[in-house]
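Colleague: Got a structure for you, questions after.
The values are calculated or read from the model by the stated rules, or taken from the named source; none is laboratory data. Bear in mind that the values here come from a model prediction, so they are computed numbers and not experimental data. When we count neighbours, we look across all protein chains shown, and the Cβ atoms used for this are built from the backbone with ideal geometry, even at glycine. Only protein heavy atoms, including side chains, enter the accessible area calculation; ligands, DNA and RNA are left aside. Shrake-Rupley method; radii C 1.70, N 1.55, O 1.52, S 1.80 Å.
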Amino acid sequence: MQNFARFIVRQRVAILAFLALVTVFFLYQCSQLTVRTDFNDLLPQKHPFIKVHNMIRGIFGGANQVIIMVQVRDGDIFNSKTLEKIKWITQEAETIPGVDPYKIRSIASSKLKDFQFSSGSMSITPLMFPDVPKDNTGLQDLKDKIYSNPRYYGQYVSYDSKKALIMVDFFEEDVDYDRIFLDLSRIRQETEDANHIINIAGEPMHLGYINFYSAQVLRVIGFTVLAISIMLYIYYRSKRAVLVPLISAAASAVWGLGFMSLIGFSLDPLILVLPFLIALKTARHSIQLVARFIEEFDKTRNIRQAAEHIIETMFVPGFAGILTDAI
């Protein structure tokens with residue numbers, strides 16, 4: 001270890017140049033890294049349940065379904081204003097990129113039918129399509145159709161008649177979570193008012209929220225790095241004690257993200273905090289080395305001896321700790 005430490009100190013310029021070149025290489029790879037969420041990556045594709053899911057999702061809908069609930073504070077949904085909102089939301093959902101138009105279902109869609117049976121005949125008409133009833137007779141007729149059909153009453157219209165559901169599904173290979181989030185947020189903003197509440201749930205909306213607030217997460221990370229830097233400078237009164245851990249942490253993050261890009265992975269906003277945590281481990285090791293270096297320098301008053309001694313004594317436990325973190 002003494003010979004190894006002397007070699008490191010003696011060849012420090014060449015080693016630093018090599019590390020800088022590797023960092024530049026991975027920095028270029030970072031520029032090719034895509035930041036996106038692929039819902040299929042979150043599922044164990046080799047599991048038999050997921051294989052069945054992939055087989056039938058084209059028929060019954062996949063895991064990218066969005067549920068929109070239109071709720072009234074006063075009265076019930078059976079009024080022209082509320083029904084117009086349901087119809088408008090249903091139509092607007094068809095314009096969202098990646099939507100499966102055959103899997104948009106609400107009381108205003110053409111897919112929900114009213115079945116009337118009589119002796120020797122059957123009549124099938126849309127439940128409420130294409131027009132919203134305007135008078136009390138039409139509203140009462142719609143009520144009768146929904147209340148008499150358990151497939152609609154309790155599923156698309158709540159039992160208290162104050163809520164209605166709109167179900168929207170998306171093609172998993174074409175889904176754009178950012179665009180879906182923005183379009184659904186616009187729909188909610190344009191339809192909510194003093195008497196109407198629009199609630200939206202589903203994996204695309206959930207992941208859209210995560211993508212939308214990723215910038216705030218990065219700002220929090222930035223403020224955290226700034227706070228750590230200030231505390232390190234106050235404690236050590238040394239610019240080197242601040243810069244060495246930060247440079248080590250930055251290099252660690254660049255290497256990790258660059259390697260992700262190199263092997264074809266995308267950075268999922270769901271795990272955006274993990275590169276920061278890994279870089280923090282690197283910074284922690286660096287801070288320990290800096291503290292030990294200062295202690296050794298106080299004893300020897302010789303920079304080279306202090307550096308060689310901490311490499312000799314701390315390389316093996318430090319490497320073991322990093323290897324444990326990696327595993």
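Colleague: Which ³J(HN,Hα) values, rounded to whole Hz and listed in residue order, are derived for segment 155-163 from phi using the Karplus coefficients 6.51, -1.76 and 1.60 in 6.51 cos²θ - 1.76 cosθ + 1.60 with θ = phi - 60°, glycine and proline given as x?
Modeller: Those phi angles translate into 9, 9, 10, 5, 5, 8, 6, 9, 9 Hz.
Colleague: Longer than 22 Å from Cα to Cα, which of LYS103/LYS163; LYS103/LYS134; LYS81/LYS103; LYS103/LYS162; LYS103/LYS143; LYS46/LYS103 are they? Say none if no pair is.
Modeller: In this structure, LYS103/LYS134; LYS81/LYS103; LYS103/LYS162; LYS103/LYS143; LYS46/LYS103 lie more than 22 Å apart at Cα.
Colleague: With each run of n ≥ 4 DSSP H residues scored as -39500 (n - 2.57), what mean residue ellipticity at 222 nm is computed for the chain after dividing by its residue count and rounding to the nearest 500 deg cm²/dmol?
Modeller: On the way: 11 runs with 192 residues, N = 327.
One gets -20000 deg cm²/dmol as the mean residue ellipticity at 222 nm.
Colleague: Which whole-Hz ³J(HN,Hα) couplings does segment 241-247 yield from phi under the Karplus relation 6.51 cos²θ - 1.76 cosθ + 1.60, θ = phi - 60°, glycine and proline marked x?
Modeller: 3J(HN,Hα) across segment 241-247, in whole Hz: 5, 8, 6, 4, x, 5, 5.
Colleague: How large a share of the accessible area of the chain, in percent, is made up of carbon and sulfur atoms when the probe is 1.4 Å and the other protein chains stay in place?
Modeller: On the way: 12300 of 19460 Å².
About 63 percent, which is the carbon plus sulfur part of the accessible surface.
Colleague: Now for a different question. Beta carbons within 10 angstrom, averaged per residue: use that to sort the peptides 155-162, 215-222, 314-321, highest first.
Modeller: Numbers: 155-162: 15.5, 215-222: 11.5, 314-321: 13.4.
Result, highest mean first: 155-162, 314-321, 215-222.
Colleague: Here is a follow-up. At 0.36 nm per residue, minus the direct Cα-Cα distance, what do SER238 and ASP41 gain on full extension? Give it in nm, one decimal, please. Each step should come with its number before you reach the end.
Modeller: Numbers: separation 197, 0.36 × 197 = 70.92 nm, distance 4.48 nm.
Taking 0.36 nm per residue and subtracting the Cα distance, the gain is 66.4 nm.
Colleague: Run the simple label-point estimate for PHE115 and PHE18 please: 7 Å along Cα→C-beta, distance reported in nm.
Modeller: Here the modelled spin labels are 7.6 nm apart.
Colleague: Top mean-square fluctuation among SER31, SER106, SER252, Gaussian network model of the chain, C-alpha springs under 10 Å?
Modeller: SER31
Colleague: A follow-up question, please. Take the alpha carbon gyration tensor of the chain, find the square roots of its eigenvalues, order them as a ≥ b ≥ c, and report rounded if a/c is under 1.5; if not, report prolate when a/b exceeds b/c, else oblate.
Modeller: Numbers: a/c = 4.41, a/b = 3.01, b/c = 1.47.
Taking the square roots of the gyration eigenvalues as a ≥ b ≥ c, the chain is prolate.
Colleague: Might you work out the accessible area of VAL52 for me, using a 1.4 Å probe with all protein chains in place, and round it to the nearest 10 Å²?
Modeller: 80 Å²
Colleague: Same structure, new question: Work out the length of the dipole vector of the chain about its Cα centre, built from +1 on the beta-carbon of each Lys and Arg and -1 on the beta-carbon of each Asp and Glu, and round it to the nearest 20 debye.
Modeller: Details: 34 positive and 32 negative charges, 287 e Å.
For this selection, approximately 1380 debye.
Colleague: Next up: Can you find, among PRO245, VAL316, VAL99, the residue sitting farthest towards the positive end of the charge dipole of the chain, where Lys and Arg contribute +1 and Asp and Glu -1 at Cβ?
Modeller: Looking along the dipole axis, the top candidate is VAL316.
Colleague: For segment 73-103, state which trypsin sites (Lys or Arg not before Pro) are in a DSSP loop and have at most 11 other beta carbons lying within 10 Å of their beta carbon. Numbers along the way, then the final one.
Modeller: Values: sites: ARG73, LYS81, LYS85, LYS87, LYS103; in loops: ARG73.
Here the sparse-neighbourhood loop sites are ARG73.
Colleague: Tell me, what ³J(HN,Hα) does each residue in segment 259-268 have, in order and in whole Hz, if you take phi through Karplus 6.51 cos²θ - 1.76 cosθ + 1.60 with θ = phi - 60° and put x for Gly and Pro?
Modeller: 5, 4, 5, 5, 9, x, 8, 9, 8, 7
Colleague: Give the distance, in whole Å, between the Cα centre of segment 211-249 and the Cα centre of segment 17-52.
Modeller: Taking the Cα centre of segment 17-52 as reference, the centre of segment 211-249 is 25 Å away.
Colleague: Considering the options LEU207, VAL225, LEU16, tell which one lies farthest towards the positive end of the dipole of the chain, charges being +1 on Lys and Arg and -1 on Asp and Glu at the Cβ, about the Cα centre.
Modeller: Value: LEU16.
Colleague: Sequence-distant or interchain residues sharing an amide H contact under 5 Å with LYS113, placed H: which?
Modeller: Here LEU127 satisfy the definition.
Colleague: Can you list the aspartates and glutamates whose alpha carbon sits under 16 Å from that of LYS281, skipping same-chain ones fewer than 8 residues off?
Modeller: ASP325
Colleague: Please say if segment 222-327 is rounded, prolate or oblate, where rounded means a/c under 1.5 for a ≥ b ≥ c the square roots of the C-alpha gyration tensor eigenvalues, and otherwise the choice is prolate for a/b larger than b/c and oblate otherwise?
Modeller: Note, shape of segment 222-327 comes out oblate.
Colleague: What are the chymotrypsin sites (Phe, Trp or Tyr not before Pro) within segment 1-107 that DSSP puts in a loop, where the Cβ has at most 14 other Cβ atoms within 10 Å? Can you show the working numbers first?
Modeller: Values: sites: PHE4, PHE7, PHE18, PHE25, PHE26, TYR28, PHE39, PHE49, PHE60, PHE78, TRP88, TYR102; in loops: PHE78.
Passing both the DSSP loop test and the Cβ count: no residue.
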